[in-house]
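Peer 1: Got a structure for you, written out below as structure tokens; questions coming shortly.
Derivation of every value follows stated rules applied to the coordinates shown; laboratory data play no part. In this text, all values refer to a predicted model and were calculated from it rather than measured experimentally. With ideal geometry, Cβ positions are generated from the backbone for all residues, glycine too; neighbour counts draw on all protein chains shown.
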Protein chains: 2
Amino acid sequence: MPEIRNILFVMYDQLRHDYMSCAGHPTMRTPNFDRLAAKGVRFTQAYVQSPVCGASRMSYYTGRYVGSHGAAWNGYPLKVGEATMGDHLRKLGMDSWLLGKTHMTPDTEGMARLGLTRDSVIGARVAECGFDLWVREDGLNPEGPDGFYYATPSPYNEYLKSLGYPGENPWHDNANAGVDEDGSVASGWLMKNARKGANVKEEHSETPWLTDRCLDFLASPQAAERPWLAHLSYIKPHWPYIAPEPYASMYGPQDVVPANRTEAEREDPQPVYGAFMNNLIGKAFSRDEVRSEVVPAYMGLIAQCDDQFGRLLDHLESTGRMEDTMIVLTADHGDYMGDHWMGEKDLFHDCSVRVPLIIYDPRQSAGSTRGTTCDALVESIDLTATFIEAAGGEVPEHVVEGRSLMPFLRGDTPAEWRDVAISEYDYSCSVMAGKLGVAPKDAVLFMIFDGRWKMMHAEGGFRPMLFDTLNDPKELDDRGDDPACAETRARLMERLSAWSRRVSQRTTISSDQIIARRGKARSKGVYLGVYDENDLTPELLVPITGAAKGDFR
Amino acid sequence: MPEIRNILFVMYDQLRHDYMSCAGHPTMRTPNFDRLAAKGVRFTQAYVQSPVCGASRMSYYTGRYVGSHGAAWNGYPLKVGEATMGDHLRKLGMDSWLLGKTHMTPDTEGMARLGLTRDSVIGARVAECGFDLWVREDGLNPEGPDGFYYATPSPYNEYLKSLGYPGENPWHDNANAGVDEDGSVASGWLMKNARKGANVKEEHSETPWLTDRCLDFLASPQAAERPWLAHLSYIKPHWPYIAPEPYASMYGPQDVVPANRTEAEREDPQPVYGAFMNNLIGKAFSRDEVRSEVVPAYMGLIAQCDDQFGRLLDHLESTGRMEDTMIVLTADHGDYMGDHWMGEKDLFHDCSVRVPLIIYDPRQSAGSTRGTTCDALVESIDLTATFIEAAGGEVPEHVVEGRSLMPFLRGDTPAEWRDVAISEYDYSCSVMAGKLGVAPKDAVLFMIFDGRWKMMHAEGGFRPMLFDTLNDPKELDDRGDDPACAETRARLMERLSAWSRRVSQRTTISSDQIIARRGKARSKGVYLGVYDENDLTPELLVPITGAAKGDFR
């Protein structure tokens, strides 16, 4: 009988929910993603807790909303003490391995306060948000006049150097750059170069490299000896947008779907949206030549991800691991790609905040749902809960705010499922906050989506955004100040406020433990509201009669 | 020039804000509390973050709202990682000593996860919410059929035993019991015994014992060698309500002020209030004989606290310590004492949630405010901020949610002071939650007070309570369902919701650090939104030109 021994938790960075053929993309071909979808359940309404790498991932890894764990943007350290999926799974006898990217920044101040150092097993796990490292590669190695973006060395860069790629930064010069006519570096940072083939052998490029590391892991004693979760976390199809051949030439301008945008969106946009739309990135992606260079490169990168995923599936099938391994495929957020006059991620249009999510459960109990889709409102925090259940544990509801998706895999619909999905975005670190004159504590956005209406509430006194996704599935008509929608906005705002008042930090005692404590003080001698002997039963009176007689005053 | 070297942070447990002569009590005499008030500032609108020991204290010690630290009731562990005033002050070169009660319960699970044990200096501090122990005595040593309420031994009990008091629990048999006619123990748990003199020599009773420990501390090398905060934290006038002579006889029924309650309050009370009113304690304190026994005992205990506080002041004056020691006097919450048909604390009427707060600042800068009162809305979380400023530090606004009260001590009014005080109460652990059929996550109450209107919002679908303290200062007329107040309720609810959405967990990065990061990615080589060379300045182009030429595909 197939059981879940292992979990392969695959994450792509910046992969849009709709860039898979199984999700209906007209030109993108993802036969291997589709292979998984045919064996599992594809969740069509999966939302991340924040449309930005760091915050989103910390929610995936802790199973908690961004406002609960506080690591609200890239490079904001995850505070020491936050429990992660690694902590939960380890208690259940399952190891948690990292292969690739987390975007984790350790809380060095908190660690120092608690005397934790990276050279201890516990300290290392705290610094890596609960994972043991097989290999960590955050996938970015930029360098500017002020030095490298990350202080830590890149294992992938070291790999390229070991193969003889020249220079100090072949990550940039080869894997993320093409070649100019004169043989010099054509940086992938310049989007005009997006469709040049990256100056690296395909098998040495980032996605195959990390897949190789996963194959190493699968063949290792560590994987053989104990049940494991492997978080296989690719940087691609994240920028710089440039792919090696044959992927660089696989898609062309003819495969680019038109940008989802209207001129009306630019007229009096909600101010935070307007600021993002008018930043450098939004303006760039509003140019047709940028889309026609970048989108094919993005699609090529996805095709490479898909092929490498096929390698993995083949390997798992041939080794029998499909029988005992749960496989999850998702992303940390999407990519605007010029839709809504935006680039990158950051806001709450579907192309940014909605992600692909496919779950394959090897057990017979999931037989009836193979190849189906599920439209329930799913949040990324649900994965930690799902993994805990997969590992045989009970989800600690006082810590993990997500809910297990197992019922859906069995074909059940839980009696009470969530009525709204929430996402948060902290833009205090961006120049837009400065331009808008918003204090760092007010530069916060909330999305609340009830399955039909999607509202963005902005702190700092700005008006909301509101979309009726039933009648406006492309999210082009902002009803944020439409008087006809006042009641809907008020209803969503009230629901958001109720969510904000949730108990999120009472993480040291469970509801069951709380209920078990009720009314227990009496039996341990605390007699409140007692006037005389008549208010106590004889057995309660005994302990307070005292052993010794006498006046000691 | 007098400077602040030390902080004496005195807390009484369950001392009502209005049981001091300086606060206008008609019969209670507190000449020594008044002495401090004459030298300092008495804050007349000081509110605790939760009207229950444990949660209130964790807010005092962390400077954070209950919803932020999560230790929402007695015995709910403070999660590992929460920084306390001890952590903040230690960084500034000031030790933090505990003498008495904290009600701290360590997060043993979190500590184990991080490998922390009490036998290390760091582990011991984590387990004691950041204090170094001079002596910890939580002040309660009840025993029932199921054993002792606290598993840990009581230093005060050991002290009594060392003096020859008999039995296993002289805390109960002597310090908190009188003597019956036949010489047997007349337990202080039975409120009918409240006015019997406790069966202990006055100088051996709890309040002088802890005062002696403070005098030991003040004479110690530890106090001499380094600046210190000493948290002198008395259990009294907390129940069991029984005082040693002469305090037992100091006040009588003629000194008892009438209960602040009306029959109207019992007619259709707000359901949570109704449940508390109708529990054993509320019913007991609604009986006149309970009040006439208990209130004089409570007043006697306060009088003893006051006398012992006088001993301390005398000592500080005679040793010159008044010149360099800031002195703070406050309480963790009040005591209903039969007002509003309630006993104990728990809800948000002033007698429960409002506390005495007197601050003496030895410096000349505080000269103009000596002997004055301040009516600003003050919260207990403000003390951690005040102490950090007193120790010469800057308040870390991303961690500490309170604000320094120093401006008020100098006679300044900050340009923007808070417009509302917030308090929270988690009654999930009480039998009332069970009776009301409220889930543990919904058994939460919020108080919001804007200086005039005080509203209690209850989760779980109950109606609010609302008092107009301008026209109803005794809080007897609940306008919670008065249609005339709908707008006021909506306004307060909106303000509460805004507070709920506050950024409270982003504790690992400050606003200044966030602002300093804006726009820095470019100089470290992240070039987003760049199409071609024209979008970059020459110095930014240099790092991406690459060193080596050649085709490596």
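Peer 1: Let me make sure I get this right: for the range A:418-518, a, b and c are the square roots of the gyration tensor eigenvalues over alpha carbons, sorted descending. Under 1.5 in a/c it's rounded, otherwise prolate if a/b > b/c, else oblate. Which is it?
Peer 2: Working: a/c = 2.66, a/b = 1.41, b/c = 1.88.
It is oblate, given that a/c is not under 1.5 and a/b is not larger than b/c.
Peer 1: If amide hydrogens are placed 1.01 Å from N in the peptide plane, which non-local residues have theirs closer than 5 Å to the one on A:D13?
Peer 2: Amide H to amide H, under 5 Å and 5 or more residues apart or across chains, A:D13 pairs with A:Y234, A:K236, A:H238.
Peer 1: GluC sites (Glu not before Pro) within the range B:157-234: which are DSSP loop residues with at most 10 other Cβ atoms inside 10 Å? List each step's numbers first, then the result.
Peer 2: Working: sites: B:E158, B:E168, B:E181, B:E202, B:E203, B:E206, B:E225; in loops: B:E168, B:E181.
Sparse-neighbourhood loop GluC sites (Glu not before Pro): B:E181.
Peer 1: Right, another one. Other chains near B:140-152: what is the mean number of their Cβ atoms within 10 Å of each residue's Cβ? Numbers along the way, then the final one.
Peer 2: Values: counts 2, 1, 8, 6, 13, 9, 7, 4, 3, 6, 1, 0, 0.
Partner Cβ neighbours, averaged per residue: 5.
Peer 1: Ranked from highest to lowest mean number of other Cβ atoms within 10 Å per residue, what is the order of the peptides A:416-429, A:516-529?
Peer 2: Numbers: A:416-429: 21.1, A:516-529: 16.6.
Taking the mean over residues of other Cβ atoms within 10 Å, the ranking is A:416-429, A:516-529.
Peer 1: What are the ³J(HN,Hα) values, in whole Hz, obtained from phi via the Karplus relation 6.51 cos²θ - 1.76 cosθ + 1.60 with θ = phi - 60°, for each residue of the range B:354-362 in sequence order, with x given for Gly and Pro?
Peer 2: Per-residue couplings from phi come out as 9, 10, x, 8, 10, 10, 10, 10, x Hz.
Peer 1: What's the exposure ranking of A:L133, B:L301, going from fewest to most Cβ atoms within 10 Å?
Peer 2: On the way: A:L133 15, B:L301 34.
In increasing order of surrounding Cβ atoms, one gets A:L133, B:L301.
Peer 1: Taking a point 7 Å out from Cα toward Cβ as the label site, list the nm distances between A:S318 and the same residue in every other copy, smallest first.
Peer 2: 9.0
Peer 1: Next up: Starting from the amide H of B:L78, placed 1.01 Å from N in the peptide plane, find each other amide H under 5 Å away whose residue is 5 or more places distant or on another chain.
Peer 2: Placed amide hydrogens put B:T105, B:D107 under 5 Å from B:L78.
Peer 1: So, one more: Using the Karplus curve 6.51 cos²θ - 1.76 cosθ + 1.60 with θ = phi - 60°, what ³J(HN,Hα) values do you get for each residue of the range A:505-514, in whole Hz, with x for Gly and Pro?
Peer 2: Working through the residues one at a time gives 10, 7, 8, 9, 8, 8, 4, 5, 5, 5 Hz.
Peer 1: Out of B:V526, B:C485, B:W499, whose Cα points farthest toward the positive end of the dipole of the range B:474-553 (charges: +1 Lys, Arg; -1 Asp, Glu; placed on Cβ)?
Peer 2: Positive-most Cα among the choices belongs to B:V526.
Peer 1: When only Cα pairs under 8 Å and 6 or more residues apart are kept, what is the percent relative contact order across the range A:418-518?
Peer 2: Across the range A:418-518, relative contact order equals 16 percent.
Peer 1: Which order results if A:E267, B:E475, A:E323, A:E401 are arranged by neighbouring Cβ count within 10 Å, fewest first?
Peer 2: Details: A:E267 7, B:E475 20, A:E323 15, A:E401 25.
The order, fewest Cβ neighbours first, is A:E267, A:E323, B:E475, A:E401.
Peer 1: Can you give the average number of partner chain beta-carbon atoms within 10 Å of each beta-carbon in peptide B:410-418, as a whole number? Please list the in-between numbers first.
Peer 2: Values: counts 0, 0, 0, 0, 0, 0, 0, 0, 0.
The mean count of partner-chain Cβ atoms within 10 Å per residue comes to 0.
Peer 1: If packing is taken as the average number of other Cβ atoms within 10 Å across a peptide's residues, how do B:459-468, A:4-13, A:365-374 rank, most packed first? Could you put the intermediate results ahead of the total?
Peer 2: Numbers: B:459-468: 18.4, A:4-13: 23.3, A:365-374: 15.1.
Result, highest mean first: A:4-13, B:459-468, A:365-374.
Peer 1: For chain B, list the DSSP H helices whose alpha carbon atoms reach 30 Å or more along the long axis and whose average Kyte-Doolittle value is -0.5 or above?
Peer 2: Working: long enough: B:288-318 (45 Å, -0.19).
Flagged H segments are B:288-318.
Peer 1: If I model a spin label as a point 7 Å beyond the Cα along the Cα-Cβ vector, how far apart are those points for B:L215 and A:Q254 in nm?
Peer 2: Output for this residue pair reads 9.8 nm.
Peer 1: Each residue of the range A:455-460 in order: what ³J(HN,Hα) in whole Hz does its phi give by Karplus 6.51 cos²θ - 1.76 cosθ + 1.60, θ = phi - 60°, with x for Gly and Pro?
Peer 2: After applying 6.51 cos²θ - 1.76 cosθ + 1.60, I find 10, 10, 9, 10, 5, x Hz.
Peer 1: Please list, in chain and number order, the residues 5+ apart from A:A230 or on another chain whose amide H is under 5 Å from its amide H, with Hs placed from the backbone.
Peer 2: Distant-sequence amide H within range of A:A230: A:I7, A:L8, A:F9, A:W97.
Peer 1: Give the separation of the Cα centroids, the range B:258-282 to the range A:34-98, in Å.
Peer 2: 46 Å
Peer 1: Taking Cα pairs under 8 Å and at least six residues apart, what relative contact order does chain A come out at, in percent? Numbers along the way, then the final one.
Peer 2: Working: 1099 pairs, mean separation 121.6, N = 553.
Relative CO of chain A lands at 22 percent.
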